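Colleague: Here it is, the structure, as structure tokens.
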Amino acid sequence: MLAHVPDLNGFVAGLKGLLAPGGTITMEFPHLMRLVEGNQFDTIYHEHFSYLSLLVTERVFEAQGLTIFDVEELSTHGGSLRIYARHVEESDRPVLASVEKLRRRETEAGYHQIDTYLGFAERVAETKRKLLEFLIGARRQGKRIAGYGAPGKGNTLLNYCGIRADFLDYTVDRNPYKQGQYLPGTHIPIFSPERLAQTRPDYILILPWNLKDEIMAQLSYTRNWGARFVVPIPEVEVFP
């Protein structure tokens, strides 16, 4: 829950108070460096108050008397960190090389400098331009475009890029509670996946791009009419 709390310092202070002597705190959250490197701006949405690097997380924990002594890099959600922390005074568990190594990588990549984040902002804007160029070109050629999925990240992408039903006819989702509803902000209708076979779109825009391989395998039947898959992140890419 570390990325989900508005009072980060107060929350970690609470962890300090709860942790028994000799105990370990372990938490998992999206890794800011992977987010920036992968241009994953669509994962920035209302559920998250913070996007954390190890550098910042260490400072927050240290301010509350806790030491991060180990860290793992995971593939979850496009790239996550799993940290392990202890009371600062319990030095019998030394800080492992995994922490030193990742701290050095983040520092060398400039995650303690504002210019790193300004460069990220420009890459995000360029991704928007490229996706709109593709959609405009496809529409002018008379192509039909549908979406796959109705995830939170998809709403960030579509609303930021200004993509509505004039570009995307509809999207489909396997969750029956989403079917018959509309995407917030864009008002794109959500149908069941069977809609794809009924309308046979030329392109399918995959909104949960982190599951693209699984989704393309599930939708392999759409190749019967020549449909192609579009993945917007980290760069616009079209798959046959």
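Colleague: Taking only DSSP H segments of four or more residues, each worth -39500 (n - 2.57), what value at 222 nm results for the chain once the sum is divided by all its residues, to the nearest 500 deg cm²/dmol?
Modeller: Per the formula, -11500 deg cm²/dmol.
Colleague: If you don't mind, there's one more thing I want to ask. Please compute the per residue accessible area over region 1-59 with all protein chains in place, 1.4 Å probe, rounded to a whole number of Å².
Modeller: 47
Colleague: Would you kindly calculate the translational diffusion coefficient of the chain, applying Stokes-Einstein with the Kirkwood radius from alpha carbon pairs, for 20 °C and a viscosity of 1.002 mPa s, and quote it in µm² s⁻¹ without decimals?
Modeller: Taking Rh from Cα pairs, D becomes 107 µm²/s.
Colleague: If you take the Cα Rg of region 121-167 and divide it by 2.2 N^0.38 Å, with N the number of residues, what do you get?
Modeller: Cα Rg divided by the expected 2.2 N^0.38 Å: 1.18.
Colleague: Let me ask you something else. How big is region 142-240 by the Kirkwood estimate over distinct Cα pairs, in Å?
Modeller: In region 142-240 this quantity evaluates to 13.3 Å.
Colleague: Which chymotrypsin sites (Phe, Trp or Tyr not before Pro) from region 177-240 combine a DSSP loop assignment with at most 14 other Cβ atoms within 10 Å?
Modeller: Tyr177
Colleague: Between region 74-93 and region 99-148, how many Å separate their Cα centres?
Modeller: 28
Colleague: Using Cα atoms only, what is the angle between the long axis of helix 97-108 and the major principal axis of the chain, expressed in degrees (0 to 90) to the nearest 10?
Modeller: The answer is roughly 60 degrees.
Colleague: Let me ask another. Can you count the Lys pairs in the chain with C-alpha separation below 29 Å, eight or more apart or on different chains?
Modeller: Close lysine pairs found across the chain: 15.
Colleague: Roughly how many whole Å is it from the C-alpha centroid of region 20-43 to that of region 162-200?
Modeller: 31
Colleague: Right, next: Heads up, I need the accessible area for Lys130: 1.4 angstrom probe, whole protein in place, Å², nearest 10.
Modeller: It works out to around 80 Å².
Colleague: Turning to a different aspect of this structure: Between Met27 and residues 5 or more places away or on another chain, which pairs have amide H atoms under 5 Å apart, with H built 1.01 Å from N, and which residues are they?
Modeller: The list, which skips near neighbours in sequence, is Ile83.
Colleague: Please report, as a whole percent, how much of the solvent-accessible surface of the chain comes from carbon and sulfur atoms (probe radius 1.4 Å).
Modeller: That fraction is 53 percent.
Colleague: Could I ask something else about it? Over region 1-136, with a single point scatterer placed on each C-alpha, what log10 of the ratio I(q)/I(0) does the Debye formula yield at q = 0.13, 0.16, 0.21 1/Å?
Modeller: -0.60, -0.86, -1.33
The values are calculated or read from the model by the stated rules, or taken from the named source; none is laboratory data. The structure displayed is predicted, hence computed values, not measured ones. Virtual Cβ from ideal backbone geometry, glycine too; neighbours counted across all protein chains shown. Only protein heavy atoms, including side chains, enter the accessible area calculation; ligands, DNA and RNA are left aside. Shrake-Rupley method; radii C 1.70, N 1.55, O 1.52, S 1.80 Å.
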